[in-house]
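Inspection log for the structure reproduced underneath, given as structure tokens.
The values are calculated or read from the model by the stated rules, or taken from the named source; none is laboratory data. Keep in mind it's a predicted model, so treat the numbers as computed, not measured. Neighbour counts run over all protein chains shown; Cβ positions are idealised from the backbone, glycine included. Heavy atoms of the whole protein, side chains included, go into the accessibility calculation; ligands, DNA and RNA do not. Shrake-Rupley method; radii C 1.70, N 1.55, O 1.52, S 1.80 Å.
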Amino acid sequence: MQAPSVSVMLKSWDIRTGTTGGMVLDAARQAEALGLDGLIAGDHVTFYGYGNDGLITLTAAAAVTERIELKTAVYLLPLRHPVPVALQVAQLDQLSMGRFVLGIGVGGEDPHEFWSSGVDPSTRGARTNEAIEVLKRLWTEDGVTFAGRHFQLDDVTLYPKPFRPVPIFVGGRSDAALRRAGRLGDGYTGIWLTPERFREAAQRIAESALAAGRDPGEIELGMQYWTSVSDDRDEARALVSEGMESTYRMPFERFERYTPFGAPGEIAEYLAPFIEAGARHINLVPVQDSPEAAMEAAAKVREALRAGSG
């Protein structure tokens, strides 16, 4: 079993630890020094009042790192117009020397966030599909004309272009997300799935890809997990439950079956069935006592995964 790449969440703000900008840059440097494969950043405009622009966070990280991959997981594409997004992503890819992956999702957990941004949440799936098509064309073509329901372009050219068409990874677990990944995505990142559901998701993505005339093998599959690492399993559970409940405002029991926590080996054991089912990347959102501890926790899980694959 080949070990997957392991990326860690880079938080520009954390309710528990009060993360500041300087701490974010230190954490990015630390993640690279520890040998982690990627940094991920979430994205919200106003999620119950809190926001974090994933592209801005990763632009800052790009300036202080050289090797580590940079990924949004996930960027709420339907909240934005695709033309300025195409430019921002192209510039980030240029500044990072081709290290950026655009992970996108439709969000919707807080409908007020969409209304606050002038977007009807019921249109978020259709807006996302159109936006992906626009992005791909602007990164590879000049004079783009596009007539969609939500976006219209007339002879639009955008420079600079990215080093290569930036990979787009689709996040989510709905049937619409799986179809989107198969038809339009370069990768897929699942969340809140059992191993059985992940296998089913992989099959549906493959079916959608084949129907669109695409090779399913070219779509990279992966998973994202909240977690907490500690040899004291009760301590780990307390940390991750506090972090998730403060973020999602729901009881941890609703997430627990999808959330690995405990010693690094225990977490690696939880992840093994997903890797066997084809997960080639693992995104971790560690809840620890500090950003430094979060980076170290992710590195320990990565080490345990590699030990298990040897």
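A few points about this structure:
- According to the calculation over all Cα-Cα pairs in segment 36-195, the P(r) per 5 Å bin from zero is 2, 9, 18, 22, 22, 16, 8, 2, 0, 0 %.
- Within segment 75-109, backbone nitrogen closer than 15 Å to the virtual label 7 Å beyond the Cα of residue 117 toward Cβ: 75-86, 88-89, 103-109
- Each of the peptides 124-131, 109-116, 37-44, 141-148 was scored by the mean count of other Cβ atoms within 10 Å over its residues; in descending order, highest first, they stand as 37-44, 124-131, 109-116, 141-148.
- With the largest listed first and rounded to whole Å, the semi-axes of the equivalent ellipsoid of segment 20-72 from the Cα gyration tensor are 21, 11, 9.
- Applying the Karplus relation 6.51 cos²θ - 1.76 cosθ + 1.60 with θ = phi - 60° to segment 138-151 yields 3J(HN,Hα) values of 5, 6, 10, 10, 10, x, 6, 10, 9, 10, x, 6, 10, 10 Hz, where x marks Gly and Pro.
- Semi-axis lengths, largest first, of the ellipsoid equivalent to the chain are 30, 21, 20 Å, with √(5λ) applied to each eigenvalue of the Cα gyration tensor.
- Note that the chain presents 43 Å² accessible area per residue, ligands and nucleic acids not counted, probe 1.4 Å.
- Within straight-line cross-link reach of residue 136, lysines at Cα separation under 16 Å, skipping those fewer than 8 residues along the same chain: 161
- Debye log10 I(q)/I(0) at q = 0.17, 0.22 Å⁻¹ for segment 259-309, Cα point scatterers: -0.48, -0.78
- Computed on the Cα atoms alone, the convex hull of segment 179-283 gives a volume of 93 cubic angstrom per residue.
- Our compactness index for segment 113-203, the C-alpha radius of gyration over the empirical 2.2 N^0.38 Å, is 1.26.
- The share of accessible area on the chain that comes from carbon and sulfur is 50 percent, using a 1.4 angstrom probe.
- Computed on the Cα atoms alone, the convex hull of segment 149-196 gives a volume of 124 cubic angstrom per residue.
- All Cα pairs of segment 1-102, percent lying beyond 24 Å: 21 percent
- Packing, taken as the mean count of other beta carbons within 10 Å per residue, orders the peptides 164-173, 45-54, 83-92, 295-304 from highest to lowest as 295-304, 164-173, 83-92, 45-54.
- Cα-Cα P(r), segment 100-142, percent of pairs per 5 Å interval: 5, 20, 23, 21, 16, 10, 4, 1
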